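All remarks here apply to the structure that follows.
The values are calculated or read from the model by the stated rules, or taken from the named source; none is laboratory data. Values in this document were obtained by computation on a predicted structure and should not be read as measured data. Don't worry about glycine lacking a Cβ; one is built from the backbone with ideal geometry, like all the others, and counts go over all protein chains shown. SASA here: full protein model, heavy atoms, side chains in, ligands and nucleic acids out. Shrake-Rupley method; radii C 1.70, N 1.55, O 1.52, S 1.80 Å.
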Amino acid sequence: RKEVEQDPGPFNVPEGATVAFNCTYSNSASQSFFWYRQDCRKEPKLLMSVYSSGNEDGRFTAQLNRASQYISLLIRDSKLSDSATYLCVVRGSGGYQKVTFGIGTKLQVIP
Amino acid sequence: DVKVTQSSRYLVKRTGEKVFLECVQDMDHENMFWYRQDPGLGLRLIYFSYDVKMKEKGDIPEGYSVSREKKERFSLILESASTNQTSMYLCASSLSTGGSPLHFGNGTRLTVT
């Protein structure tokens with residue numbers, strides 16, 4: 001089983017739609033969680049950290065379910081500019097704090 | 001704002017050459033990382049450094065070495081470049097405190113011919 005699993009997609013959604021991505025992780029000791037956005041041929045950029053209580057940033061909502069070991073990202077009112085690959089990232093605890101990336105979910109928002 | 005700078009955006013090298021990829025960060029971060037990213041394989045960790053002169057192998061260290069003589073600089077070295085090392089190379093840095101995200105440089109696209 002992969003340490004961090006994501007559906008690679010692509011997810012093709014119309015403008016204005018709501019879309020949700022899930023990501024599962026295997027290490028129950030994982031401490032911190034993030035969503036990154038990556039545009040084609042560019043570097044990943046931090047979209048948002050994911051907190052235990054869930055958090056929202058404008059149209060984006062992230063949630064963590066420790067019991068089931070998954071995190072989710074919800075995008076409301078999708079824009080054409082949301083088209084990108086969304087990477088789930090899990091960071092461990094301890095001195096090393098291993099960082100593991102999912103393969104990414106590709107989103108294409110269509111007019 | 002964190003700035004992570006990679007020395008080259010595009011690089012073309014010949015098989016067998018020794019290649020140096022440089023990365024500099026300006027936020028006094030303890031942790032620095034080198035990844036490569038290939039289609040269908042995602043980001044794979046090559047090496048990680050948790051402090052000056054400290055380094056740890058990642059998932060795919062073979063054919064690579066690293067150097068961290070100063071806190072702000074982390075170099076990736078391809079001892080003898082091969083065509084299967086053609087890839088996008090991404091450097092990142094972070095604080096060592098729990099919950100700290102990674103900040104990436106804009107990548108070096110290396111082609112080995």
- [ ] Name the residues whose placed amide hydrogens come within less than 5 Å of the amide hydrogen of B:Met27, ignoring near sequence neighbours (fewer than 5 apart) on the same chain.
- [x] B:Lys3
Task: Fraction of beta bridges assigned by DSSP in the protein assembly as shown that are antiparallel (%, nearest 5) - done: 90 percent
Task: Rounded FRET efficiency, nearest 0.05, which uses the C-beta distance separating B:Asp59 from A:Gln69 and R0 of 25 Å - done: 0.75
Task: Expected-Rg normalisation [2.2 N^0.38 Å, Cα atoms] applied to the range B:20-105 - done: 1.03
TODO: Might you report the magnitude of the Cβ-based charge dipole of chain A about its Cα centre, with Lys and Arg at +1 and Asp and Glu at -1, to the nearest 20 debye?
DONE: 280 debye
- [ ] Any chance you could list the semi-axes, whole Å, largest first, of the equivalent ellipsoid that the Cα gyration tensor gives for the protein assembly as shown, using √(5λ)?
- [x] 30, 21, 15
Task: DSSP-defined antiparallel bridges as percent of all bridges, the range A:1-107, nearest 5 - done: 95 percent
TODO: Specify whether the C-alpha gyration tensor of the range A:34-111 places it in the rounded, prolate or oblate class, a ≥ b ≥ c being the square roots of the eigenvalues: rounded for a/c under 1.5, otherwise prolate if a/b is larger than b/c and oblate if not.
DONE: oblate
TODO: Take every Cα pair under 8 Å in chain B that's 6+ residues apart, average their separations, divide by the length, and report that relative contact order as a whole percent.
DONE: 36 percent
Task: Cα-centred dipole magnitude for the range A:1-58, charges only on beta-carbon of K, R (+1) and D, E (-1), debye, nearest 20 - done: 220 debye
Task: Hull shadow area, averaged, the range B:1-62 [alpha-carbon convex hull, nm²] - done: 5.6 nm²
Open item on the list: For chain A, what does the relative contact order come out to in percent, with C-alpha contacts under 8 Å and a separation of six or more?
Closed with: 37 percent
Open item on the list: For the range A:7-32 and the range B:47-80, what is the centre-to-centre distance using only Cα atoms, to the nearest Å?
Closed with: 31 Å
Task: Residue-level accessible surface for B:Leu11, protein heavy atoms, 1.4 Å, Å² - done: 30 Å²
